Amino acid sequence: MDDIQYTERALGCERRLYRVAIALLRSDADAADAIQEAVFKGWMHREALRDGERFEAWLMRILVNECRNIQRKWKGRPEPLNEQIVSAQGAPDPALQDAIRRLPERLRLPLLLHHLEGYSLREISSILKIPETTAKSRLYQARSALRQALSPEVGR
């Protein structure tokens with residue numbers, strides 16, 4: 001992949017990268033740092049990408065790793081407040097935002113990759129380096145947790 005192709009493809013998935021980074025890190029500054037580092041590392045290793053069709057999933061995998069690197073540096077640092085999970089359709093219902101925020105990362109990430117970004121189970125398993133059946137199970141668990149958190153009986 002040459003320089004121009006890489007740049008065009010990376011810019012083409014910039015919004016998706018941001019939505020995933022902000023969902024994981026919940027801070028604009030940290031999300032921007034993770035994206036910048038992921039794009040840079042992708043640039044440095046662009047020759048290692050064998051299948052150009054998998055570019056976006058490959059770059060997303062690098063981003064997830066960078067987000068986890070930033071999270072490791074947080075040890076002891078309080079979690080950022082007042083950040084919103086960004087939706088492609090605009091701001092989602094505040095109750096839904098809160099329920100999604102409360103999900104553990106292992107459930108939240110597959111849910112966002114599938115429903116917000118439109119990745120298939122196969123792509124999610126590749127990005128997260130988990131078996132496809134595990135990705136499917138985590139999606140099911142995340143949906144169940146959201147259903148339970150949003151059901152009217154819970155508030156009674």
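Throughout, read-outs are computed from the coordinates displayed, never taken from laboratory work. On a predicted model such as this, the values are computed, not experimentally measured, just so you know. Note that each Cβ is placed from the backbone with ideal geometry, even for glycine, and that neighbours are counted across all protein chains shown.
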Structure-derived volume of the Cα convex hull per residue in Å³ - corresponding label in (1) 121; (2) 133; (3) 105: (1)
Cβ-Cβ FRET estimate between Glu8 and Arg68, R0 fixed at 25 Å, reported to 0.05: 0.40
Tensor-based shape of segment 87-156 (alpha-carbon gyration tensor, a/c under 1.5 rounded, otherwise prolate or oblate): oblate
Residue-averaged 222 nm ellipticity for the chain, from DSSP H runs of 4+ at -39500 (n - 2.57), nearest 500: -20500 deg cm²/dmol
Whole-angstrom gap from segment 98-156 to segment 15-75, using each part's C-alpha centre: 19 Å
Ordering of 126-134, 15-23 by burial proxy (mean other Cβ atoms within 10 Å per residue, highest first): 15-23, 126-134
Mean separation of Cα contacts under 8 Å, 6 or more apart, over the residue count of the chain: relative contact order %: 24 percent
Sites Asp28 and His115, calculated FRET efficiency, Cβ-Cβ separation with R0 30 Å, nearest 0.05: 0.85
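Please compute the alpha carbon radius of gyration of segment 1-47, then divide it by the globular-protein estimate 2.2 N^0.38 Å. Two decimals is fine.
1.17
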Relative contact order, percent, segment 87-156 [alpha-carbon distance under 8 Å, six or more residues apart]: 35 percent
The chain: most fluctuating residue of Ser27, Ser125, Ser144 per GNM, C-alpha cutoff 10 Å: Ser144
Theoretical gain in end-to-end length, Arg143 to Asp93 [0.36 nm per residue, Cα-Cα removed]: 16.4 nm
